[in-house]
Amino acid sequence: MANLHESAVGMMRDILAKTGPGKEEEAMASALRVAAKWRSQLLAHTVIGLHGTTILHGPFAGMQYVDRSAEGALAARLIGSYESELHPHLAAFASQGIHHVVDIGCAEGYYAVGLARLWPNVNVYAFDTDPEALKLCAALARSNGVAERVHLGGEFHGDDFEKFVGRRTLFIVDIEGGERYLLDPELYPALKELQFIVETHPGASPGITDTLIGRFAPTHDIQVVMQGPKTTPLPEWLHGLGHLDSLLSVWEWRSTPTPWLVMRPRAAPQVDSTP
Amino acid sequence: MGLTDGVLARVRAYVNDPGQADDAEVLDTVLRGVARWRSQILANSLGAVYGRKVLGGPFAGMDYPANASEGALLPRLIGCYESELHPHLAALAQEGLDRIVDVGCAEGYYAVGLARLMPGATVHAFDIDPVARRDCALMAAANGVADRVLIGETFTGEDFARFAGARTLVFMDIEGHERILLDPDRWPALRSVKIVVETHPGPTFALTEEIAARFAASHTVIRVDQASKAPDLPPWMRSRSHLDQILATWEWRRYPTPWLVMRPKPAA
């Protein structure tokens, strides 16, 4: 705790020391982010102290999670509100029948393992270019008893898309702007027949959301899903804290919006009957 | 840029001399100060984009020339402020009211908002703060309801008798003094009026329960707790960071202040 506190104050000091005239507002916004992260981490510690690392709500409720998250927003993940905007879409895909999930950019496996648990007949192929992420994902799959259905790989190559055509596969893509290069139906025509949830990163790759909509509009029905405030039920003790704490407990740390695209091919022959 | 300079100076003073390491209370206070600054910056920007008016909720369209004298302006402009009360306000409006007694009216969010919402009702608004009274008058005039928003200074328990009857709503937010004022044994007229009160329990006293108990015999009592909310954000807010969006709904409350919605029981 002392370390968290000290490092937050140190970062705020550095930000303000470097602030030149006319940049005060920007610096204050950065300092706010640092202080809010400190509070969010403190809240995550409290969640773990009271509830352990089992996810509390949402489709991944009951999943054994971890006590740190490389990408932050641990409290939101443990509470189960994390990216709750996608929950109804995951349920809709499930009701259509999914046999395979390909998670490109799986990180520590929140979706790869979460979906393997949620959908017991589904095989998950999880890819990440970061070897550390793959280690964490393997450990998470083991601790949730789904290691035999979570298959790990390093880099996903666009040529592999065609292997999943017609096989009731859901692609989950979160690759920090790399979607510009990977999700190109001119390069990889199999994409025209596949279904996706893509997190787009216009901050890293300006205009990418509209670019992808343009590329897939001829072949896919596309829903744009924007982040928003949360209504996930909070643990009772959080209601007893200040309003800011209950809000920060579900804060997702994103500095710019990353709209999701939920894309389904219009005429999709999904014929695979063997999971 | 006065708004930024003041907060910046305080944060600078803190980070350069943070005192005892690991004092979460102090850093939390700094965080809240900076978050309030951000909330104000966003409120000003929102006002510049859409005009200074309430954008959603039951008071949508209300012009808002005043600053929030108590709490956050941003959720007031968005229209999600204390949205837990919205269904109750709608029901009370539906039931029909002749007068609203707003005790602790601040700049008039409710006094003027309820006057707009209930064109047949007169609002008697009270605040001991002269700035609040001035702002409330400004708001009433800007919204064309000055003739139905009558502004007074101090409200005392003796005043309840003037407003007795079930077509009166007493709307009260007085930072803990409800403990003294909402006493039906001293002021029996309270047994005949409808009441919405924001309660301010302290660490050692359960004021919400205490007041609910005082009215249990004469009123049906509904307790309303703060809830998570996901309002439709104005398009300008949708492209902001998630932290800004979260701050859009932040009501600056440090501790929960549950409301009680109380209606006199029909005579047996």
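Things to note:
- Per-residue mean of foreign Cβ neighbours for A:74-81 is 0 (Cβ atoms of other chains, 10 Å radius).
- The stretch A:142-219: radius of gyration and largest Cα-Cα distance (Dmax), Å: 13.9, 42
- Per-residue mean of foreign Cβ neighbours for B:222-228 is 3 (Cβ atoms of other chains, 10 Å radius).
- Summarised in one figure, the compactness ratio Rg/Rh of the protein assembly as shown, Cα atoms and Kirkwood Rh, is 1.03.
- The stretch B:20-92 shape via C-alpha gyration tensor axes, a/c threshold 1.5: oblate
- Antiparallel DSSP beta bridges within chain A, percent to nearest 5: 40 percent
- With Cα atoms, 0 to 90° folded angle of helix B:2-16 axis to chain B main axis: 60 degrees
- Here chain B is scanned for GluC sites (Glu not before Pro) in DSSP loops (not H, G, I, E, B) that have at most 12 other Cβ atoms within 10 Å, and the longest stretch holding none of them is B:1-152.
- Peptide-level mean, for B:10-17, of C-beta atoms on other protein chains within 10 Å: 5
- Going by neighbour counts of Cβ atoms within 10 Å, the residues B:Tyr110, A:Tyr125 line up, fewest first, as A:Tyr125, B:Tyr110.
- Local charge for B:Ala115 was computed over the other residues whose Cβ lies under 10 Å away, with Lys and Arg +1 and Asp and Glu -1, and equals 0.
- Within the stretch A:141-181, GluC sites (Glu not before Pro) in DSSP loop having at most 15 other beta-carbon neighbours inside 10 Å: A:Glu155, A:Glu176
- Overall, the ratio between the Cα radius of gyration of the stretch A:58-208 and 2.2 N^0.38 Å, rounded to two decimals, is 0.99.
- For chain B, the Kirkwood estimate of the hydrodynamic radius, built from every pair of different alpha carbons, is 19.8 Å.
- Each stretch of four or more DSSP H residues adds -39500 (n - 2.57); spread over every residue of chain A, this sum gives -11500 deg cm²/dmol at 222 nm.
- Loop-located trypsin sites (Lys or Arg not before Pro) in the stretch B:172-263 whose Cβ has at most 15 other Cβ within 10 Å (DSSP): B:Arg186, B:Arg254
- Computed from backbone phi, the HN-Hα couplings of the stretch B:149-157 come to 10, 9, 9, x, 8, 8, 9, 10, x Hz, rounded to whole numbers (Karplus: 6.51 cos²θ - 1.76 cosθ + 1.60, θ = phi - 60°; Gly and Pro given as x).
- For the pair the stretch A:63-102 / the stretch A:112-150, the C-alpha centres are spaced 12 Å from each other.
- Inter-centroid distance (Cα atoms) of the stretch B:29-55 relative to the stretch A:182-234, Å: 31 Å
- Taken over the stretch A:143-275, the convex hull of the Cα atoms encloses 163 Å³ per residue.
Every number in this text was worked out from the coordinates using simple rules, so none of it is lab data. Predicted model, so just to flag it, every value in this text is computed and none were measured. Note that each Cβ is placed from the backbone with ideal geometry, even for glycine, and that neighbours are counted across all protein chains shown.
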